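Structure record follows, encoded as structure tokens.
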Amino acid sequence: MAIEFTKYHGLGNDFILIDNRSGLTPLITPEQAVKWCDRHFGIGADGVIFALPGQNGTDYTMRIFNSDGSEPEMCGNGIRCLAAFLTELEGISRTQDYYRIHTLAGVITPQLTDDGQVKVDMGLPRLLAQEIPTTLTTADSKVINLPLEVADTTWDVTCVSMGNPHCITFVDDVAAIPLETIGPKFEHHPVFPQRTNTEFIEVVNRNYLKMRVWERGAGITLACGTGACAALVAGVLNDKCDRTATIELPGGALEIEWSQTDQRIYMTGPAERVFTGKM
């Protein structure tokens, strides 16, 4: 059976989008997703995203398989791409309107703006060790600037969950980090029972951060939306940045706000359609 797809990217973090509104079971398996994501023998992507029917009063449901076949709770760049894809499927303008998307991390609400960007209410950051999860400290304590030994080096890390786990560390020069070797060691460190995404952050000033990321299940990517949100939270908790900042990633920049009013995280960035096809 031929399956139609559309390729999208958010700052180079790229995804295969599938119209799965016919049912709640993904049209391809995690094993097939691995093959589809292969950049030499498949379509090539960081993950496959399925647009499924809504649940519990939501408009749609989002599921995603990473390029290694694992299933994350949520994906920030991915949900922006999904919102753009849904407007394409519906054939109507959703500018200034928003979707309520059911995800494994809870209900997320992306909104398309007049300038073609997508603003997403990412919800509340979760800060307790048991919520991340990590065993770096006691279950009901926050993980802020605690030492973690990785590859014979002690890193000061702050951990945040945006529905998925993140480990953030601040460095002098993100370009100098050997991400391809150190990233997997963070991801599979035994203090993270569900593995972790890892963000290396360079503070340019209180309103501008540079970030490189190793994503759980995908490896080095050009951008990570949930990671950028987690990085801003970590920056505020360590008094390294303000509550609104630009996060520069290899694929481009995201605008992140940790609202003082409702304590929710808001992410704004692009979602661009690349091509369509059948597999």
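Computed values, structure above
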quantity	calculated
Scope the stretch 104-132; condition buried (at least 18 other Cβ atoms within 10 Å of the Cβ), over 17 Å from the mean Cα position of the chain (by Cα) and farther than 24 Å from residue 191 by Cα; matching residues	112
Top-ranked residue in the stretch 2-50 [being of a type in the set (Gly, Ala, Ser) and crowded, with 21+ Cβ neighbours inside 10 Å; ranked as farthest from residue 272 (Cα to Cα)]	33
Yes/no for residue 24 being free of Cβ contacts under 8 Å to residues at least 40 places away in the same chain, in contact with an Asp or Glu (Cβ under 9 Å, 6 or more places away or on another chain) and at negative phi	no
Count of the stretch 144-166 residues which are out of contact with any His (no Cβ under 8 Å at 6 or more places or on another chain) and under 18 Å from residue 258 (Cα atoms)	8
Which listed residue is crowded, with 21+ Cβ neighbours inside 10 Å, at positive phi and not aliphatic (A, V, I, L, M), from 163, 183	163
Elements of type strands (runs of 3 or more DSSP E) contained in the stretch 205-279, each with 2 or more residues being on the phi < 0 side of the Ramachandran plot and of a type in the set (S, T, N, Q)	244-249
Residue list for the stretch 189-203, filter: within 15 Å of the chain's Cα centre (by Cα) and either surrounded by fewer than 24 Cβ atoms within 10 Å (Cβ to Cβ) or of a type in the set (Lys, Arg) (or both)	195
Tally, over the stretch 17-66, of residues that are among the polar types (S, T, N, Q) and assigned to a helix (DSSP H, G or I)	1
Residue in the stretch 168-180 that is within 22 Å of residue 138 (Cβ to Cβ) and surrounded by 17 or more Cβ atoms within 10 Å (Cβ to Cβ) present	yes
Options 215, 257, 248, 187: the member that is in the same structural domain as residue 150 (by TED's automatic domain parsing), charged (D, E, K, R), modelled with pLDDT of 95 or more and under 15 Å from residue 125 (Cβ atoms)	257
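The values are calculated or read from the model by the stated rules, or taken from the named source; none is laboratory data. Not measured: the values here are computed from a predicted model. Note that we place each Cβ from the backbone using ideal geometry, even for glycine, and neighbour counts take in every protein chain shown.
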